[in-house]
Structure formats: C-alpha cells, structure tokens
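Derivation of every value follows stated rules applied to the coordinates shown; laboratory data play no part. Since the model is a prediction, treat every value here as computed from it, not as a measurement.
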Amino acid sequence: MLELISKAKKAVISFNTSKIELIYFYNKRTIIREGLKLGDTEIRPKPLVKWLGIFLDFKLTFKQHIKIKISKAKTAFYLIKRLGNTQKGLSL
C-alpha cells in the first residue's frame, strides 16, 4: 500500500480517501474489525459495500442486494400505479 502511495506522489496522482471502502469476504462467524492505514487516514471495514451497482455483503449472499432492489421496484410500481389513474387525477 505504501508503494502505491509513493508511486502516486511521483506521478502527481491524488486519491480521494473519503470514497475508499474496505470489505473483507469470509464465511466464518467471527467478524474482522481490523482496518487499513492509508497515509494519515484509517479505513475501517464495512459490512455492506456498493460496487458497480451491486451491493456486496461480507458473505456474498446478496440478501441485502435483493432487499434493496425489491424496495426500489416496489417504490417505482406504486408511483406508476398512482399516476395510472389519470381520469380522476392524483389523490393526496
């Protein structure tokens, strides 16, 4: 990691450390709470990370991803349903 930072400084590249996320993938019951230190910033692991539109959890079960996508689909369905009755207009 330090090698990456030194090469980035030589190439005048900066990293936005607020956008860096860390997740450990494992199938044991114990949770890894150790983080990484990147320069002056310590990055703590998260239980859920969004990457390329997919929500990944630490066991790669995709249960949280499915819950989130179903919730968004229900919201879209109810909004379309509410707009569907255009003869009466929208109700409060």
Completion exercise
Straight-line reach check, Lys10, cutoff 21 Å on alpha carbons, 8 or more apart in-chain or any other chain, hits among lysines -> Lys37
Completion exercise
Rounded to the nearest 500, the 222 nm mean residue ellipticity computed for the chain from DSSP H runs (n ≥ 4, each -39500 (n - 2.57)) alone is -11000 deg cm²/dmol
Practice task
Hey, can you grab everything whose amide H is under 5 Å from the amide H of Leu48? Only 5+ residues off in sequence or another chain; H modelled, so Pro and N-termini drop out.
Solution key: none
Completion exercise
Longest principal axis of the chain (C-alpha) makes with the long axis of helix 63-84 (C-alpha) an angle, in degrees to the nearest 10, of 30 degrees
Problem - Per-residue HN-Hα couplings for the range 21-36 [Karplus 6.51, -1.76, 1.60; θ = phi - 60°; Hz; x = Gly/Pro] - result: 10, 10, 9, 9, 9, 7, 10, 8, 7, 6, 9, 7, 10, 6, x, 10
Completion exercise
Pairs over 18 Å Cα to Cα, from Lys19/Lys50; Lys50/Lys74; Lys19/Lys69, come to Lys50/Lys74; Lys19/Lys69
Practice task
Would you list, by chain and number, the aspartates and glutamates whose Cα falls below 18 Å from the Cα of Lys28, excluding same-chain residues fewer than 8 positions away?
Solution key: Asp57
Practice task
On each of the three principal axes of the Cα atoms of the chain, give max minus min coordinate, whole Å, ordered largest first.
Solution key: 65, 39, 20
